[in-house]
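Colleague: Take a look at this one; I'll ask things after.
The values are calculated or read from the model by the stated rules, or taken from the named source; none is laboratory data. In this text, all values refer to a predicted model and were calculated from it rather than measured experimentally. Don't worry about glycine lacking a Cβ; one is built from the backbone with ideal geometry, like all the others, and counts go over all protein chains shown.
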Amino acid sequence: MMIEQNFVTDIAIPPGEYLEEVLEDMGLNQAELARRMGRPAQAINEIIKGEKAITPETSIQLEKVLGVPAYFWSNLELEYRLNMASQIESENAKKEEIILADFPYLELSKLELVEKTRNALTKVQSLRRFFGVSSLFNLKEVKEFNPAFRQNTNNEINHEALASWLRAGVVISKHIECDEYYRETLLSKISDIRGLTLKNDPSEFFPSLKLILQQCGIALVIMPHFKKTYTTGATFWVKKTKGVIMMSLRGGWADIFWFSLFHELGHILLHDKRHTFLENNTRPSEWEKQENEADRFAQITLIPEKKFKIFKLMGDFSQSSINTFSSSIGIAPGIVRGRLQHEKLVSYKSHTGRIRYKWK
């Protein structure tokens with residue numbers, strides 16, 4: 001008896017049930033089948049009850065005795081075991097529903113990184129795929145997400161949200177084609193990047209900025225700020241020849257954007273590719289040296305140190321003076337004012353010359 005049949009079902013049917021039907025059709029009992037296969041009658045009974053799996057060897061024996069192809073029995077057994085495992089997995093997923101509120105699911109769905117749904121179980125399964133984990137409880141143990149869970153100095157930080165923000169950057173960066181990273185190439189482009197600060201609209205400079213960085217082996221990812229992440233930027237490497245800079249655009253100030261960008265470029269040029277640098281209000285002591293070095297790189301690259309010292313000694317921080325100085329060094333006036341505010345040489349009450357970007 002030859003049987004060709006495809007099983008596509010989410011109901012776990014023990015192969016033994018079908019075997020019992022075949023035996024009944026052929027007028028055989030379990031004892032007779034056992035004798036013809038040279039197997040103990042107990043083994044056949046256990047297969048019928050679903051207590052014992054049909055192995056490849058058993059499948060071949062069943063084909064010889066019953067005429068049903070071996071691959072049919074093997075596929076039936078595999079389908080049954082997979083369905084059983086799937087049912088157990090669904091039960092485990094329900095346990096993860098209790099931590100769903102910790103994840104910025106709505107924000108991720110707007111970015112089309114997870115499935116749009118209101119079903120809690122579907123959300124869990126979609127987040128698992130997004131993070132590439134078998135359980136959301138495993139996130140803390142995954143190296144990629146360790147930096148998000150190490151931000152312990154600020155108790156208000158939502159670690160799951162921060163892990164989601166970082167993961168979103170990884171996923172999006174994979175779709176950004178880049179040349180291989182060479183330090184010399186990036187150094188040669190710093191002046192071109194700096195010149196883009198004179199543009200007042202992101203639509204004017206962003207395509208050029210993104211292209212220049214791609215040519216340098218860096219994927220620039222602009223990511224909305226997720227609540228309770230308190231992060232303005234991040235730098236990490238997805239492979240040795242491709243770096244990623246993430247910017248959250250928190251606040252929208254142009255001078256903060258450019259300082260943050262050059263800060264991240266400082267990490268790219270100066271620091272270990274194995275580390276993920278997160279920019280927020282916390283600076284772990286073990287990375288304070290690297291953060292200070294990145295700050296220093298951004299400061300002297302945007303505003304040459306000697307010229308800035310001379311400008312400060314003159315003591316005239318009027319807007320006309322700031323405009324003249326910024327024009328002489330080829331940079332936006334808002335960046336100079338932002339630096340003066342940071343050094344408490346001018347008040348934060350006036351933002352004349354500073355620009356807030358409107359990102360589409």
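Colleague: Assess whether Phe236 counts as being buried (at least 16 other Cβ atoms within 10 Å of the Cβ) and either more than 26 Å from Phe131 (Cα to Cα) or of a type in the set (A, V, I, L, M) (or both).
Modeller: no
Colleague: Ok, one more. What tally of residues in the range 201-211 results from selecting those that are under 23 Å from Gly334 (Cα atoms) and free of Cβ contacts under 8 Å to residues at least 60 places away in the same chain?
Modeller: Looking only at that region, the number is 7.
Colleague: Please work out if Thr153 is modelled with pLDDT under 95 and exposed (fewer than 14 other Cβ atoms within 10 Å of the Cβ).
Modeller: yes
Colleague: Quick one: how many residues across the range 333-347 are over 36 Å from the mean Cα position of the chain (by Cα) and under 17 Å from Gly252 (Cβ atoms)?
Modeller: Residues meeting the conditions: 0.
Colleague: Which members of the range 127-145 meet the condition of being in a helix (DSSP H, G or I) and either outside the structural domain of Phe103 (by TED's automatic domain parsing) or under 22 Å from Glu112 (Cα atoms) (or both)? Step through it out loud before you land on a result.
Modeller: Within the range 127-145, the first condition is being in a helix (DSSP H, G or I), and the residues that meet it are 127-131, 136-141, 143-145.
Hits for the range 127-145 are Leu127, Arg128, Arg129, Phe130, Phe131, Leu136, Leu139, Glu144, Phe145.
Colleague: Within the range 290-306, work out how many residues are of a type in the set (D, E, K, R) and under 13 Å from Phe262 (Cβ atoms).
Modeller: Residues meeting the conditions: 3.
Colleague: So which pairs qualify, if the first residue must be in the range 326-339 and within 13 Å of Arg356 (Cβ to Cβ), the second must be among the hydroxyl-bearing types (Ser, Thr, Tyr), the Cβ gap must be under 6 Å, and the two must be at least 6 apart or on different chains?
Modeller: Correct list of pairs: Ala332/Thr197.
Colleague: Within the range 303-360, take every residue that is aliphatic (A, V, I, L, M) and closer than 21 Å to Asp192 by Cα and give me the one that is surrounded by the fewest Cβ atoms within 10 Å (Cβ to Cβ).
Modeller: Among those residues, the one meeting the criterion is Ile329.
Colleague: With the condition kept exactly as written, say whether any residue in the range 110-121 is at pLDDT 95 or above, aliphatic (A, V, I, L, M), in contact with a helix residue (DSSP H, G or I) (Cβ under 6 Å, 6 or more places away or on another chain) and outside any helix (DSSP H, G or I).
Modeller: yes
Colleague: Please return the ranges of helices (runs of 4 or more DSSP H) entirely within the range 1-106 where 2 or more residues are of a type in the set (A, V, I, L, M) and modelled with pLDDT under 90.
Modeller: Counting at least 2 such residues, we get 70-96.
Colleague: Is it the case that Ile172 is aliphatic (A, V, I, L, M), under 15 Å from Ile245 (Cα atoms) and over 14 Å from the mean Cα position of the chain (by Cα)?
Modeller: no
Colleague: Within the range 127-145, can you find the residues that are touching a helix residue (DSSP H, G or I) at 6+ places or on another chain (Cβ under 8 Å) and of a type outside the set (D, E, K, R)?
Modeller: Leu127, Phe130, Phe131, Val133, Ser134, Ser135, Leu136, Phe137, Leu139, Val142, Phe145
Colleague: Could you check, for the range 159-177, whether at least one of its residues is farther than 23 Å from Leu106 by Cα and exposed (fewer than 12 other Cβ atoms within 10 Å of the Cβ)? Don't jump to the end; show me each part of the working.
Modeller: Here is the first cut: in the range 159-177, the ones farther than 23 Å from Leu106 by Cα are 176-177.
With the extra rule that they be exposed (fewer than 12 other Cβ atoms within 10 Å of the Cβ), the set shrinks to 177.
Among the residues of the range 159-177, at least one is farther than 23 Å from Leu106 by Cα and exposed (fewer than 12 other Cβ atoms within 10 Å of the Cβ), which makes the answer yes.
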